[in-house]
Amino acid sequence: SNIQKLIEQLPKAELHLHIEGSLEPELMFKLAKRNQVDLPYTSVEEIQQAYNFSQLQDFLDIYYAGMSVLINEQDFYDLTIAYLEKCHQQNIRHVEIFFDPQGHTERGIAFETVITGINRALNDSQQKWGITFKTIMCFLRHLSEAEAIDTLQQAKPFLDRIDGVGLDSSEVGHPPSKFEQVFNQARELGLKLVAHAGEEGPPSYVKEALDLLKVDRIDHGNRAMESEALVKRLSESQMALTVCPLSNLKLCVVDALNTHPLPAMLEKGLLITINSDDPSYFGGYLNENFFAIQSALNLTEQQIVQLAKNSFTASFLDEPEKAKHL
Ligand code: ES4
Ligand code: ZN
């Protein structure tokens, strides 16, 4: 259809993408074999059957298990270049990717191995396809703030390759307030700041991310819609929210895409972007997220164009670079 072609052809940025969540079952098997890692699955079909989640934690358990095949620098390169090839196919011109260093250093993989593989792929894709990038290191919120501070310390030799920090993993019970000190340290280092908030957690977690962590963007933010005061504040400040439709569906954050809060978010004047989160686990890359939410909610061409533009507006590109896309 015309709207499908529009989605495909529009230049887009992706701002909420966990690189470890782009690990496709085929590559997982290939790396398991290469690295002699045992997987609890014997076929791609078996993996796909395991991807049946009723909440965030169900997914996270499988996501951390999947990471176990990533051992060497080349593995992180192969993972990242496969995602960037998809971006090239989908006319994604800029990416801001998350990685979870603690998911790897906990298993004895050096920080340097992780950042070097990811960064080499990002540089190659910028050379080959012109895809620009930022890199955001996330702290695992189910771990302690001391461990996050240690991770920031380990990142210090590589800050030329890191643009920001984020906060992900199990949200409920791990409020932003737990990470106030490490975010203060990251801010002092000149890093951009983002945090997952209001995916499963209450609106007060979104408020804490703003007031205590002083984030530059909110990841997800769905539950901010429960607080009229918060919506007003997010709208007036044009604080970006990185919304992930297929993720919300698969993790039962919404009952169905046709009841997703996106129309209300746009109606309230929020700066919303569309993103894929963990595309291998949630059944689609960025264009598939656009197709699904467009058809479920009958979004107009104008709304689709607005969402694509918002992805550049909300990015961490500098203003002249942004202007080239807008
Ligand atoms: C994540 Cl969807 C989501 N939420 C929180 N943490 C995550 N890590 C990877 N995907
Ligand atoms: Zn996420």
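Where a number appears in this text, it was derived from the coordinates with a stated rule and is not lab data. Because the structure is a prediction, the values reported are computed rather than measured. We place every Cβ from the backbone using ideal geometry, glycine too, and count neighbours over all the protein chains shown.
Ordering Ile115, Ser54, His88 by Cα displacement along the dipole of the range 53-125 toward the positive end leaves His88 in first place; charges were set at the Cβ atoms of Lys, Arg (+1) and Asp, Glu (-1).
Charged side chains reduced to their Cβ positions (Lys and Arg at +1, Asp and Glu at -1) give the range 2-325 a dipole of some 820 debye around its Cα centre.
How high is the relative contact order of the chain? Use alpha-carbon pairs under 8 Å, at least six apart in sequence, and give a whole percent.
Values: 547 pairs, mean separation 65.3, N = 326.
Across the chain, relative contact order equals 20 percent.
For the chain, a Gaussian network of Cα nodes joined below 10 Å ranks Leu286, Leu60, Leu17 by mean-square fluctuation, and the top entry is Leu60.
Sorted from largest to smallest, which semi-axis lengths in Å does the alpha carbon gyration tensor of the range 107-179 give for its equivalent ellipsoid, taking the root of 5 times each eigenvalue?
Working: eigenvalues 139, 40, 21 Å².
Each semi-axis is the square root of five times an eigenvalue, giving 26, 14, 10 Å.
Per-residue ellipticity at 222 nm from helix content only, as computed over the chain with -39500 (n - 2.57) for each DSSP H run of at least four residues, stands at -14500 deg cm²/dmol. Taking amide H as placed 1.01 Å from N in the peptide plane, Lys134 has its amide H under 5 Å from the amide H of Val95, Glu96, Ile97, each at least 5 places away in sequence or on another chain.
Can you sort His18, His104 from fewest to most other Cβ atoms within 10 Å of each residue's own Cβ?
Numbers: His18 24, His104 21.
Fewest to most other Cβ atoms nearby, the residues stand as His104, His18.
Diffusion coefficient of the range 58-124 by Stokes-Einstein, Kirkwood radius over Cα pairs, 20 °C, 1.002 mPa s: 170 µm²/s.
Computed with the Debye formula from one identical point scatterer per Cα of the range 1-56, without solvent, the log10 of I(q)/I(0) at q = 0.29, 0.30 Å⁻¹ comes to -1.16, -1.19.
Here the Gaussian network model covers the chain, with springs between Cα atoms less than 10 Å apart; of Ala296, Ala308, Ala240, Ala296 fluctuates the most.
When you work out D = kT/(6 pi eta Rh) for the range 2-325 at 25 °C and 0.890 mPa s, using the Kirkwood radius from C-alpha pairs as Rh and the Stokes-Einstein form, the result is 125 µm²/s.
Order of Asp100, Asp163, Asp75, Asp318 from fewest to most other C-beta atoms within 10 Å? Write out the running numbers ahead of the final one.
Values: Asp100 24, Asp163 16, Asp75 21, Asp318 8.
Ascending Cβ contact count within 10 Å gives the list Asp318, Asp163, Asp75, Asp100.
Each Lys or Arg adds one and each Asp or Glu subtracts one; over the other residues with Cβ under 10 Å from the Cβ of Leu84, this totals 0.
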